[in-house]
Amino acid sequence: MLNVFRLAGDASHLLSIVLLLLKIRTTKSCAGISLKTQELYVLVFLTRYLDLFSKYYSLYNTVMKLVFLGTSVAIVWYMRYHKVVKQTYNKEEDTFKHYFLVLPCFVLALLIHRTFTTVEILWTFSLYLEAVAILPQLVLLQRSRNIDNLTGNYIFLLGAYRGLYILNWVYRFFTENHRTRWIPWISGLVQTALYADFFYYYIKSWKNRETLRLPA
């Protein structure tokens, strides 16, 4: 059963991607965006949505999965292959070794999971990887410091999505007796915590009507 927190979380997630695509398509620029974070998100969705064609939950569920997977692939394509957009990519500043995140998350999924099946392990891996996938983007923002409005709004909405999903789990726990597995809880809390510093400076800049800047 859907509730307002899950709907708001999905809307926030979808809007964040729409804003990012809008920035890339209208400005023909991906400046300030980490390709490495976007590649990690593609891997997250590929491993999480393996059941896309084997199980049917609802039209809403299927459409959202296709949208998130398709838009993530599109963003990476723009940043890697579009003849204009790829020239604006800050490769020199996007230096976080993102592949170092993949192996530890996979090993952790092998060690800590609910059932030892391929689908379950890859689903668990996707949760662990999503929790830290934003790190290359946050490091890039700290190096570039001045952040344009579209990029700042994209990161804020992406963080808000996970926070709203935590509220969704809390709501379902008390109203539906829904026993959420602890792995999504921990992964979601870690992911939300990584945004804490960004949220502080984002809200501060919004209140003071200033350009968003992160400390070096």
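Can you say whether S12 is touching a helix residue (DSSP H, G or I) at 6+ places or on another chain (Cβ under 6 Å) and either in a helix (DSSP H, G or I) or at pLDDT 95 or above (or both), as far as the supplied structure shows? Answer is yes for this residue. Hey, among the residues in region 87-114 that are open to solvent by less than 60 Å² (accessible area, probe 1.4 Å) and of a type in the set (S, T, Y), which one's farthest from F45 (Cα to Cα)? Checking each candidate, the answer is T88. Within region 2-54, the only residue that satisfies the criterion of being open to solvent by 80 Å² or more (accessible area, probe 1.4 Å) and at positive phi is K28.
Return a yes/no flag: does region 23-30 have any residue that is touching a Leu at 6+ places or on another chain (Cβ under 7 Å), over 22 Å from L138 (Cα atoms) and among the basic types (K, R). No, because not a single residue in region 23-30 is touching a Leu at 6+ places or on another chain (Cβ under 7 Å), over 22 Å from L138 (Cα atoms) and among the basic types (K, R). The test for being assigned to a helix (DSSP H, G or I) and either in contact (Cβ under 8 Å) with a residue 12 or more places away in the chain or within 24 Å of T192 (Cα to Cα) (or both) does not hold for T95.
Here E39 fulfils each of the conditions (1) more than 26 Å from I147 (Cβ to Cβ); (2) at pLDDT 95 or above; (3) among the charged types (D, E, K, R) apart from (1). Against the numbered list (1) under 22 Å from S144 (Cα atoms); (2) loosely packed, with under 14 Cβ neighbours inside 10 Å, Y57 comes up short only at (1).
Taking the conditions exactly as written (within 14 Å of the chain's Cα centre (by Cα) and either modelled with pLDDT under 85 or not acidic (D, E) (or both)), does I155 satisfy them or not? Yes. Considering the conditions (1) assigned to a helix (DSSP H, G or I); (2) in contact (Cβ under 8 Å) with a residue 60 or more places away in the chain; (3) more than 28 Å from F199 (Cβ to Cβ), R114 is excluded by exactly one of them, (1). Does V63 qualify as being without any contact (Cβ under 8 Å) to a residue 12 or more places away in the chain, assigned to a helix (DSSP H, G or I) and open to solvent by 30 Å² or more (accessible area, probe 1.4 Å)? Yes.
The values are calculated or read from the model by the stated rules, or taken from the named source; none is laboratory data. Please read these numbers as outputs of a predicted model, since none were measured by experiment. Note that each Cβ is placed from the backbone with ideal geometry, even for glycine, and that neighbours are counted across all protein chains shown. Please note that ligands, DNA and RNA were not included when accessible areas were found on the heavy atoms of the full protein model with its side chains. Shrake-Rupley method; radii C 1.70, N 1.55, O 1.52, S 1.80 Å.
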